[in-house]
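Enquirer: What follows is a single structure, and I will ask about it in a moment.
Computed from the coordinates by the stated procedures, all read-outs in this text should not be read as laboratory data. What you see is a predicted model, and the numbers here were worked out from it, not measured in a lab. Here the Cβ positions follow ideal geometry from the backbone for every residue, glycine too, while neighbour counts run over all protein chains shown.
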Amino acid sequence: MSRIRALIVDDSAIMRRLVGIALARDPEIEVVGAVADPIQARAAIKELNPDVITLDVEMPHMSGLEFLEKLMRLRPMPVVMVSTLTQAGAETAIEALALGAVDCVGKPTNVGADEGFDDLAAKVKAAARARIGHKALAPPSGFKGDADYRSNGLIVGIGASTGGVEALLTVLSGFPKACPPTVVTQHMPAAFTRSFAERLDRNCQPTVCEAFDGAPLLPGHIYVAPGGTHHLSVAGNGALRCRLTDDAAVSGHRPSVDVLFRSLAQTAKAGAVGLILTGMGRDGASGLLAMREAGARTFGQDEASSVIYGMPKAAFDCGAVERQAPLGRLAAMILEVCNQNRRAA
């Protein structure tokens, strides 16, 4: 098979070098060019026809976000964003993911070493396989308020990885203000999940926050696992709460979707609903199967609407997914089983 052709776009010569070193370690990737700004990038794309671009956020002449927006509109292609691990960098990276970037990585703090970007090559290879340019169906317009929706006490657990920013925005923006208590694990760098939770909070009717240890699972609240540092699980008897632990990675990830789903299988059993969304790998498959075997309802995103049909496929193939559906229908399916008043439209 031919190697994946990568183009590096970054105004820092040091960062171009570090990204190039990280990608060159993988024999399946060929760095075909490295340029300093979007103007050079446009010419390089035409000349070199790369499979994937790594794109810096802050650059001269045109910001990474401006360039990404134009790229996705005129010539959609896989992009992995490279961002500083600051609050401002995280907010910009989340915006980039919402615009269509496949994934994001944080810049290493020690720029003087020929190391860093340990997961960059894997993200570039995943991006090369991603579906780019597809648009999710609009979220359902029903359940505008408590008069339309009354929780039956179920708890919702959602897991996602690559492509999950768009997917979670689509699903959760279809939830009513008084939605069932919802816990979310999204694979994301440590500094980014707070900004992601804040973006969800601005765009969704329920209250969305980054999960903290001991947080009570309340109706109308959505809790997002802190990226990179802790597993999120659900614990307690009767009154359930978020639990954060710094245990070793599970299924290659921390936070792990498997950890979240297995905790729901143990604590909520048939009182839970599980949903697995787009992502690379198998994280979440065994945990979702445990939920289904415990009596929970389980759903998965279908192949056609997934940016990467890895995690949903693994869950479907092992029998963990009760029903698959396009992204735009998943909120209604979840609300249908969680609503005491009536079925979703």
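Enquirer: Can you pull the percent of Cα pairs in the stretch 155-338 with separation above 30 Å? Please list the in-between numbers first.
Expert: Working: 788 of 16836 pairs.
Result for the distance tail: 5 percent.
Enquirer: Can you list residues whose amide H is under 5 Å from ASP148's amide H, if they're 5+ apart or on another chain and H is modeled 1.01 Å from N?
Expert: none
Enquirer: Considering the dipole of the stretch 4-128 built from charges on the beta carbon (Lys and Arg +1, Asp and Glu -1) around the Cα centre, which of ILE94, ILE4, GLY20 is farthest to its positive end?
Expert: The Cα lying farthest towards the positive end belongs to ILE4.
Enquirer: What share of all Cα pairs of the stretch 278-318, in percent, falls into each consecutive 5 Å distance bin?
Expert: Percent of pairs per bin, in order: 6, 28, 32, 21, 10, 3.
Enquirer: Does a label point 7 Å from the Cα of ALA248, set along Cα-to-beta-carbon, have any residues of the stretch 194-232 with amide nitrogen under 19 Å, and which are they?
Expert: 228-232
Enquirer: For the pairs LYS107/LYS269; LYS177/LYS269; LYS46/LYS125; LYS70/LYS107; LYS125/LYS269, flag any whose C-alpha to C-alpha distance is greater than 32 Å. Spell out each step's value before the answer.
Expert: Working: LYS107/LYS269 40 Å; LYS177/LYS269 25 Å; LYS46/LYS125 21 Å; LYS70/LYS107 24 Å; LYS125/LYS269 37 Å.
As for pairs spanning more than 32 Å Cα to Cα, those are LYS107/LYS269; LYS125/LYS269.
Enquirer: Here is a follow-up. Can you pull the percent of Cα pairs in the stretch 200-309 with separation above 25 Å? Present the calculation step by step, with values, prior to reporting the outcome.
Expert: Working: 1110 of 5995 pairs.
Result: 19 percent of Cα pairs exceed 25 Å.
Enquirer: Now, a different point. Normalized C-alpha radius of gyration of the chain, against 2.2 N^0.38 Å? Walk me through the intermediate numbers first.
Expert: On the way: Rg = 19.9 Å, N = 345, 2.2 N^0.38 = 20.3 Å.
Cα Rg divided by the expected 2.2 N^0.38 Å: 0.98.
Enquirer: Moving to a separate point now. Order these peptides, 290-296, 214-220, by their mean beta-carbon neighbour count within 10 angstrom, highest first.
Expert: Those peptides, ordered most packed to least, come out 290-296, 214-220.
Enquirer: Calculate for the chain the 222 nm mean residue ellipticity that helices alone would give, adding -39,500 (n - 2.57) per DSSP H run of length 4 or more and normalising by residue count, nearest 500 deg cm²/dmol.
Expert: Values: 11 runs with 112 residues, N = 345.
Roughly -9500 deg cm²/dmol at 222 nm, from the helical runs in the chain.
Enquirer: Then there is this: Treating only the Cβ of Lys, Arg, Asp and Glu as charged (+1, +1, -1, -1), what charge dipole size does the chain show about its Cα centre? Round to the nearest 20 debye.
Expert: Details: 35 positive and 36 negative charges, 215 e Å.
So the dipole magnitude of the chain works out to roughly 1040 debye.
Enquirer: Could I ask something else about it? Relative to the present Cα-Cα distance, how much length would full extension add between ARG5 and ASP317 at 0.36 nm per residue of separation?
Expert: Details: separation 312, 0.36 × 312 = 112.32 nm, distance 3.11 nm.
Once the chain is fully extended between ARG5 and ASP317, it gains 109.2 nm.
Enquirer: Just the projected area, averaged over all directions, of the convex hull on the alpha carbon atoms of the stretch 248-330: how many nm²?
Expert: On the way: hull surface 19.5 nm².
Approximately 4.9 nm², given one-decimal rounding.
Enquirer: Once all Cα-Cα distances of the stretch 4-128 are split into 10 Å bins that start at 0, what whole-number percent is in each one?
Expert: Taking every Cα pair in the stretch 4-128, the percentages come to 14, 52, 32, 2.
Enquirer: Contour minus end-to-end for ALA235 and ILE132, with contour as 0.36 nm per residue of separation and end-to-end as the Cα-Cα distance?
Expert: Working: separation 103, 0.36 × 103 = 37.08 nm, distance 3.80 nm.
In short, 33.3 nm is gained.
Enquirer: Helix 87-99 against the longest principal axis of the chain: what's the angle in degrees, Cα atoms only, rounded to the nearest 10?
Expert: So the helix axis and the longest Cα principal axis differ by about 80 degrees.
Enquirer: In addition: Where the Cα atoms of the stretch 145-199 are projected onto their three principal axes, how long is each span, largest first, in whole Å?
Expert: 38, 18, 17
Enquirer: Amide H to amide H, which residues 5 or more places from GLU210 or on other chains are under 5 Å from it, using H placed in the peptide plane?
Expert: Here VAL224 satisfy the definition.
Enquirer: Still on this model: Determine how many Å³ per residue the convex hull of the Cα atoms of the stretch 2-48 encloses.
Expert: Working: hull volume 2.3 nm³, N = 47.
Hull volume normalised by residue count: 49 Å³.
Enquirer: Further, regarding this structure: Taking 7 Å along the Cα-to-C-beta vector as the label spot, tell me the HIS61-SER12 distance in nanometres, rounded to one decimal.
Expert: Between HIS61 and SER12, the simple spin-label model gives 2.0 nm.
Enquirer: Which of the aspartates and glutamates could a cross-linker span from LYS123 if the Cα-Cα distance has to be under 16 Å and same-chain partners fewer than 8 positions apart are dropped?
Expert: Cα-Cα hits under 16 Å: ASP26, GLU28, GLU30, ASP51, ASP56, ASP103, ASP283.
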